[in-house]
1. Which one of the conditions (1) more than 30 Å from B:ALA49 (Cβ to Cβ); (2) more than 7 Å from chain B (Cβ to nearest Cβ) does A:ASP254 fail to meet, given that it meets all the rest?
2. Among residues belonging to segment B:166-214 that are closer than 15 Å to A:ARG187 by Cα and not in a loop (DSSP other than H, G, I, E, B), point out the one that is farthest from the chain's Cα centre (by Cα).
3. Residues B:ILE39, B:ILE91, B:ILE83: which one is farther than 17 Å from B:LEU207 by Cα and in a helix (DSSP H, G or I)?
4. Report whether or not A:GLU192 is acidic (Asp, Glu), facing chain B (nearest Cβ under 9 Å), farther than 26 Å from A:GLU72 by Cβ and out of contact with any Ser or Thr (no Cβ under 9 Å at 6 or more places or on another chain).
5. From C:GLU160, C:GLU215, C:GLU155, grab the single residue that is among the acidic types (Asp, Glu), in a loop (DSSP other than H, G, I, E, B) and surrounded by fewer than 22 Cβ atoms within 10 Å (Cβ to Cβ).
6. Specify which of the listed residues (C:GLY167, C:GLY181) is within 20 Å of A:LYS446 (Cα to Cα), at the interface with another protein chain (Cβ under 10 Å from one of its Cβ atoms) and in contact (Cβ under 8 Å) with a residue 40 or more places away in the chain.
7. Tally time: how many residues in segment C:124-140 are touching a strand residue (DSSP E or B) at 6+ places or on another chain (Cβ under 9 Å) and assigned to a helix (DSSP H, G or I)?
8. Just give me the residues in segment A:183-201 being assigned to a helix (DSSP H, G or I) and either within 24 Å of the chain's Cα centre (by Cα) or of a type in the set (Phe, Trp, Tyr) (or both), in sequence order.
Amino acid sequence: MQQIKSLENRIDEALSNEQLHTNFRSAMSFLMEKRRDQFPDEKQLNNEREVASSIRSNSVTQLPELLIKLEENLEKNNIKVHWAETDLEANNIVYQILKDANAKTVVKGKSMVTEEIELNEFLDNKGIEILETDLGEFLVQLANEKPSHIVMPAIHKNRKEISKAFFDHFPEFPYTEDVDLITQQVRKILRERFRKADAGISGVNFAVAETGTLCLVENEGNGRMCTTAPPIHIAVTGIEKVVEKLSDIPPLLDILTKSATGQEITTYFNMISSPRREGEKDGPKSMHLVLLDNGRSKIHQNNDMQETLKCIRCGSCINHCPVYTQLGGHAYGTVYPGPIGITLEPQKQGITQLGELTSLCTMCGACGEVCPVQIPLPKLINKLRSEAVEGNNTNELIEGTRSKRKPLESLSWQVWKQVYSSPFIYSIFSKIATKLNFISPKKLGKWGKYRITPRPSKQSLKELANQAGFDNE
Amino acid sequence: MNNSREIILERLKNNTNETSHIKVNVAKKTYHWSKEEMIAKLSEKLQSARAETCVLSDAELIDWLNEELPKRGIRNILIGTSIAKQLSQYINNEIEVLKYEDSYESWSEKLFNETDASITTTIGAIAESGSIVLHPTPHEPRLMSLVPNIHIALVYEDTIYETFDQIISTQHWSENMPTNALLISGPSKTADIEQVLAYGVHGPKELIVLILTS
Amino acid sequence: MGTCLVDLFYPKAGLAGMQLLKNAGVKVIYPSKQTCCGQPSFNSGYRKEALPVARSLIKCFPKDIPIVIPSGSCAGMIKYHWSELFEGKSDIEKALSIAERVYELTEFLVDKLNVELTDLGEPTKIAIHTSCSCRNEMKVADRIESLVSQLSKVEVLEQERKPECCGFGGTFAVKQGDISGAMVKDKTDALKATNASCVVSQDCGCLMNIGGALEKQNSQLKTQHIAQFLWDRINAAN
């Protein structure tokens, strides 16, 4: 992804945008509350998380076997399977399928993995019209922006902003900020596109190896439209989305929808196991699944970080992240923002390019507490920080280990270590700090911009304890 | 392409981690609901998602259709070829009965733009989540429950299950998945604009579930 | 255990903690050679520097008796992260034996000592800030609530978005100063809106952050570590 502005600039821009702050505050509070309402019993929630976690752990540890089984059963069901190691390869595969069928217009359901490979731009450059049909994605596409959240792509936009973008594009409709009316107008516009499209593209929420079934959740119906009306359906998925058995689906579906949008279940749960069979009257005539690697197999090889692949893309960690609430999705500059983003993206794109993202975290632990599949996100983020500054720089599994080590910072920690690992040196330091506390720094970088700079007390606790007569051994 | 497959699988297999099969203990939920409770729970959940529900006996179905369809301004109704014969002879003449007889391509314009409502059977329903379950067939193709603005679904009271897990195991889904299995839990909706709910985005704006008692 | 922050910046809070324990009939030892649990550099990715610092701490606590810490974040570091810090090291067993004995102060007062407090102070209204480490890691956020609820003349006011991080995050406050500033502003806004006269917390890092911000904003809202607050209340020291 092109990062025209630096991370620092994007952060500044996000923090100075009052409207953004208000939008995100209200959206995140809304989503957190909805999720809370779905899980009234903490004990039961933890049981459900255990189950979901073990299903996904199973998926990840058995990944190669399950992918082979998935492929076998999909092909038996007449769904053609393609493997793509890189994003470019995946784009070319999709393009080739469309080209072979002389497909010129494509309708697309919401899919983060297609954002990842920048499929829309690729096909656009090849002269293929590709239209986002999820309302949030449609509106974001109109405004020529990227989604700012993995489940609610237009969450950064308020009604006014949406109405303006919509009516700029479709001046034939009377201007309104009424949500129902805008929705009806979008329905009208997209209906004909669904009917006439040459192909439909979607993501996949779960791919069941046992039966060769692709599962999709949605509320609007656009996903079903894209995967049922056009004569070709191409599904794209990361390789980690496979699950072993059909019986794994109910617990995963349940915790996914509750965690993501606080819904007990989405309006539609679509389980596709075949294109149109002999005698059937609708459904795509041909179906394809593109299995995308794009760095996932490398993460898989890294035992410390492998749990990253358990993610079911619910967005719950993002909703609960206090840093994300301040920044919004775009500031991260990556497809996946928030806690999962700062864990996944540096592993996929390398620490040299994205190592700084790991600083966008206070280690508050909220993400780890809500992850439905118990990914220890704070632990993984911390490990990436360690890789960034003191990792083994011949590590082939993550690019850029040790690349963020800065001389001044590492020197500071060396000094700190010397002082704090020696009680003797520390006692001298402590005497100086307390007795001469009037010379403590007035400013501490940006600390002093928002707070008064703390000053050591005149006496340390050690002294007070001694004076108060407490034993010291 | 083949090469990519080998490269990817090689990397995945070449792992120092023990590939131990983690035992998954999926606790099967059971509520021990009576049939009445199942119907009540299913109705309650569907209604909270803005679907309409009605409990009718088999005999009352035709009367309901003949009364309600004109009331709601429905001029034509799409019926699957398996039940079309039975129903069409009883439906009022003012209401045109459409049958999904030919392939979608041959009449997609009429399906999309001129079909007011559809009526489909179901293979069951899930009380816990308030979902109806469809396995589209050559007689009741997939788009019937998606394209028309109003979708009427017939659920037989004996096919209501407590949980999704129960219907999967009782009906042995893993042995024989249909081309497209669907769980539908309400009319189409979105909350993408300022988290305000709006209905009838792309799928049906109205879902009417008729629960039939024998 | 005092913690590095308490030793230099909040010694009175540390002393109050020790006095509360002594008051409850416990013999309290303050090993004089203690320094730090290693968290600052560990969280910055510098694990190699954290290790010798943590090791020097191990030497201070040889006896098999509980180690009580007036900080959720330090307690959490030792209890839940030393296993990672010492992974593969020869002295991991020693480290884990310390980790087993660690308690956050309010956790110890409530769970192990069942302290009973009599409030001798004037009626007052306070807000409680539960630190992320006490809430998410140590799971002892309710212990501070339970101790305060024993004080008959103290009314607790609830601020909006109570569970949200205050933005301290250790070096985060310096490394991502502006984001941290925005977070502490939201937190202080929420606290000020309660009209409480004081904010109490189990963690001095949060207090330094919130208190420092409030002072810069010229707010009348005070902050205090829970140990000091409790000690003052039971001794009518306000």
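The values are calculated or read from the model by the stated rules, or taken from the named source; none is laboratory data. Keep in mind the model is a prediction, meaning the values are calculated, not measured. In this analysis, Cβ positions are derived from the backbone assuming ideal geometry, glycine residues included, and neighbour counts consider all displayed protein chains.
1. Among (1) more than 30 Å from B:ALA49 (Cβ to Cβ); (2) more than 7 Å from chain B (Cβ to nearest Cβ), the lone unmet condition for A:ASP254 is (1).
2. B:ALA198
3. Of the residues listed, the single one that is farther than 17 Å from B:LEU207 by Cα and in a helix (DSSP H, G or I) is B:ILE83.
4. yes
5. Within the list C:GLU160, C:GLU215, C:GLU155, the selection yields C:GLU160.
6. Working: C:GLY181 fails: in contact (Cβ under 8 Å) with a residue 40 or more places away in the chain.
From the options C:GLY167, C:GLY181, the qualifying one is C:GLY167.
7. Number of matching residues: 2.
8. A:PHE194
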